[in-house]
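Each remark here refers to the structure printed beneath this line.
The values are calculated or read from the model by the stated rules, or taken from the named source; none is laboratory data. Because the structure is predicted, anything quoted here is derived from the model rather than measured. Glycine gets a Cβ as well: all are built from the backbone with ideal geometry, and neighbour counts include every protein chain shown. SASA here: full protein model, heavy atoms, side chains in, ligands and nucleic acids out. Shrake-Rupley method; radii C 1.70, N 1.55, O 1.52, S 1.80 Å.
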Amino acid sequence: MKPTTQYTKSGRINIAYQVFGSGSVDLVYIPGWVSNIDWMWACPELVHFLKELSKIARVILFDKRGTGLSDRVVELSTLEERMDDIRAVMDAVGSERAILFGHSEGGSVSALFAATYPNRTISLITFGIFAKRRYAPGYPWAPTDKERQKVYDMIENSWGGGDMYLESLAPSKAHDREFMDWLANYFRSGASPSAAKVLTKMNTEVDIIDILGSINVPALIIQRSNDIDVKIEEGRFIAERIKGAKFLELKGSDHLFWVGNTDKLLKEMKAFILNVKPSKNDEERLFTVIAAEIPVAENMQTEPKERVGQLVAQYRGKIIQYLQNTFIAIFEGPSKAVHCSIDMVDALQNMDLKISLAIHIKEVAVSELHFVSAETENLMSSILEQAQPNQILITQTVKYLLSGAGLNITPHQSIFKPTPTDILLFSVSDDLRMETPPEKRLLNSHPHNESFLENVLQSIDAHLSDELFGVEMLCRDIGISDRQLQRKLKAITNKSPIQLISSVRLHRAKELLHENKYNIAEVAYLTGFANPSYFSKSFKKEFGLSPSSVVQNQN
């Protein structure tokens, strides 16, 4: 029987999840590319695999934001936001620590989560994962840009159909029409063509090579020897860089773990799960570190320390050193650190101060949460020396994990060698915000939120029942121009403001219908639709079923 689908909030985004099984340990499955946790239960092979795992673990499934049953109000998301989704689901089901099982693209966020939250990760299991998705001399197994373009074209022209060569993902099922039809429907129900395309493009930019060495939990890396989509060499490459990782090579060509020699795979996974002894893995964690310099004259009337502290706390960071003109702070992820830095530039400009910032991702000892080691201080100082006033410099490691953040990242001319390998630097900015005077940005911002998107969603929520609420009112509420709003939302959600307003309203309407407290006409009015008929038409276009169907399913 299919488990009940439930929802939890990650920020203002609804994340769909399911929980089943009676094991004494929790296992979170992080799916690849796109997913639909309801459609998983229409595939007998996948159901068998999941049920076998549920005999020894409590299994937690979820659809990442923008896919499946989770909110489709965004199509782009950073790895950091996906980490937040995992954490939100674990919190919702009361899971303090879990085994992470990442498949294909899901392996990237699983690896980052394990490095960032070892205190919440028992162990890491991956199947068919990659470290990067763009060819490089040091990683020759990844697709070239030309090969990736073919994938974009296939999504554009024949999403979910046979022309996508889905047989390459499961060669052993190539002649099983029932299975291949399910697989095409699974992808179609997991994402729209545009969402699948932008997600694929975003994944092309992701690179987790630099964080592999920071994973300090037991890891089992599984790959099939003739997988066409992800080469066996990629699994070996990843396993070699994770301390103590076990690499398992299975015969076969299937990229999907639930087909092919599944008995052997399940046996190995169960043995790994049952034999791993939970231990504390929080002596070292992966943090994003900010170093900043604020030249302050002795006779200055305004003290920036309080404002800096407010911004760091807002983005869930922590200041670990604050001297007269410099400070160092740590954050759980690069996106939070960068957006906090952008806000700092705005805030201090309004105080007639200039700030230079350097951002790097580094494995930090827990003891350093209260003081800064000489190694960390020297490294961050070396980067900070390259920054000009009101400039934010990031390292290449940070850049690779910001894909989908909607920021402008350009190469910086400096290359320096504080470590055995060169560190490439990049300048990061939000060009659209720079077009608005700092005092206006600060005046119209919502300081309790962490991002531009969160502010937009809050504004839409606040005017949900107002049928007259539109782009003009949204611009005024957020404090930017129509053109800026259009460009910014397109960069981070792949939607126009009108599309986003409609999508947020429809997703809230779906929530209300599930609550079964109001009839369809009442739900339409509560979510800003004056015409119930137009509401029903829009609802069916968004979700593929009518409001009345949702009500009937509830009953």
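Quick notes
- Placing unit charges on the Cβ atoms only, positive for Lys and Arg and negative for Asp and Glu, gives segment 135-267 a dipole magnitude near 360 debye about its Cα centre.
- Spherically averaged projected area of the convex hull of Cα atoms, segment 487-536: 3.7 nm².
- Annotation: residue 41 carries an accessible surface of approximately 40 Å², with a 1.4 Å probe and no ligand, DNA or RNA atoms counted.
- Calculated FRET value between residue 226 and residue 48, using beta carbons and R₀ = 22 Å, to 0.05: 0.45
- Whole-Hz ³J(HN,Hα) from phi, Karplus 6.51 cos²θ - 1.76 cosθ + 1.60, for segment 467-474, glycine and proline x: 5, 8, 5, x, 4, 4, 5, 5
- Among residues other than residue 95 with Cβ under 14 Å from its Cβ, the summed charge is 0 (Lys and Arg +1, Asp and Glu -1).
- For the chain, the antiparallel share of DSSP beta bridges with both residues in that region comes to about 60%.
- Among beta bridges that DSSP assigns inside segment 1-88, antiparallel share in %, nearest 5: 65 percent
- Dividing the alpha-carbon radius of gyration of segment 1-49 by the rule-of-thumb value 2.2 N^0.38 Å gives 1.25.
- Across segment 262-271, computed HN-Hα scalar couplings (Karplus, 6.51 cos²θ - 1.76 cosθ + 1.60, θ = phi - 60°) run 5, 4, 5, 4, 4, 4, 5, 5, 4, 4 Hz from first to last residue, x flagging Gly and Pro.
- Estimated FRET transfer efficiency when R0 is 45 angstrom, pair residue 365-residue 519 (beta carbons, to 0.05): 0.20
- Relative to one another, the C-alpha centroids of segment 30-88 and segment 181-256 are positioned 15 Å apart.
- Counting only heavy atoms of the protein chains and using a 1.4 Å probe, residue 164 has close to 20 Å² of accessible surface.
- Calculated FRET efficiency, residue 6 to residue 303, Cβ-Cβ distance, R0 = 51 Å: about 0.60 to the nearest 0.05.
- Gyration tensor (alpha-carbon) shape descriptor, the chain, a/c threshold 1.5: oblate
- Relative contact order %, the chain, counting alpha carbon pairs below 8 Å whose residues are six or more apart: 12 percent
- Under 5 Å, built H, 5+ apart or other chain: amide partners of residue 129: 104
- With θ taken as phi - 60° and the Karplus curve 6.51 cos²θ - 1.76 cosθ + 1.60 applied, the whole-hertz 3J(HN,Hα) list for segment 37-46 is 5, 6, 5, 4, 7, 9, 10, x, 5, 6 Hz, x standing for glycine and proline.
- Principal axes of segment 1-136: Cα extent on each, largest first, Å: 42, 31, 29
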